[in-house]
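Let me begin by presenting the structure, written as structure tokens, before commenting on it.
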Amino acid sequence: METIRARILSGELPPGTRLPTEPELSDEFGVGRSTIREALRSLATQNLIHTTRGVTGGSFVTAPSIGHISAHLETGVALMAAAQTVSVDQLMEVRNLMEVPAAGMAAFRRTPEQLERLEAVMFEPDGTQGPQTYAANQEFHLILLRAASNPLLELITAPVFRVLSGRFGRDHTPDGFWECVDHDHRAILAVVRDGDSMAAMDLMRRHLDHLRDSYRQMDRLRST
């Protein structure tokens, strides 16, 4: 089945392509149908194909989904963080490499609808913070990544900041954490609205520096 896998990954078999039937694959590769079924299960586990039933059913090459691929990547990053294979500083380094230039691109490429969505996820830092605040914080960064109009930015970066937020945030945030987040987000929104790419990159860099310092504190608290 490495042959089929290679054809899928090379684009020779594009998304939506129907694979030959089990008997046809068995004849083509000269192996038993049980071997073919096991190979198809392996391809399905890798999310390369999906199977449908019925007269028009069969095994089809899966269309890629950013959300689905990103979720799998998040699992891997979370396991690495749990095993202490990667540090807070290394995770934040990835965010800096991706989100700083993404903020600059977003200032040029954002749509009016994306600006409205950025404004909609602003929150008041006063009072008790809950799931809605955490969701709004993540959504702000996701919208900026999408506004850069490069799906790979979200694919690579979103799993990293979700792991950081879930592992080091929420319960032990330092004093003033959410006030700082709110201030930084509003400042970034203002320059993105103005189309100021250089200012957007500078403010995002400062914001991520603030987050890195806070995550370091939270990481120390978790270790004690």
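The values are calculated or read from the model by the stated rules, or taken from the named source; none is laboratory data. Since the structure is predicted, the reported quantities are computational estimates derived from the model, not experimental observations. Neighbour counts run over all protein chains shown; Cβ positions are idealised from the backbone, glycine included. SASA here: full protein model, heavy atoms, side chains in, ligands and nucleic acids out. Shrake-Rupley method; radii C 1.70, N 1.55, O 1.52, S 1.80 Å.
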> Can you name the condition, by its number, that Ser65 falls short on among (1) of a type in the set (S, T, N, Q); (2) closer than 30 Å to Arg167 by Cβ; (3) modelled with pLDDT of 90 or more?
Replying inline: (3)
> Does the stretch 210-221 include one or more residues that are in a helix (DSSP H, G or I), among the charged types (D, E, K, R), modelled with pLDDT of 90 or more and closer than 18 Å to Gly104 by Cα?
Replying inline: no
> Just to be sure, is Met201 at pLDDT 95 or above and not in a loop (DSSP other than H, G, I, E, B)?
Replying inline: yes
> Would you say Glu22 is over 30 Å from Asn150 (Cβ atoms) and either free of Cβ contacts under 8 Å to residues at least 24 places away in the same chain or more than 30 Å from the chain's Cα centre (by Cα) (or both)?
Replying inline: yes
> Can you name the residue in the stretch 84-107 that is in a loop (DSSP other than H, G, I, E, B) and either outside the structural domain of Arg212 (by the TED database) or open to solvent by 70 Å² or more (accessible area, probe 1.4 Å) (or both) and, of all such residues, is modelled with the lowest pLDDT?
Replying inline: Gln84
> Given Ser65, Ser26, Ser70, which one is open to solvent by less than 50 Å² (accessible area, probe 1.4 Å), hydroxyl-bearing (Ser, Thr, Tyr) and under 30 Å from Leu211 (Cβ atoms)?
Replying inline: Ser70
>> The conditions are (1) modelled with pLDDT of 95 or more; (2) open to solvent by less than 80 Å² (accessible area, probe 1.4 Å), and Arg117 fails exactly one of them. Which is it?
In response: (2)
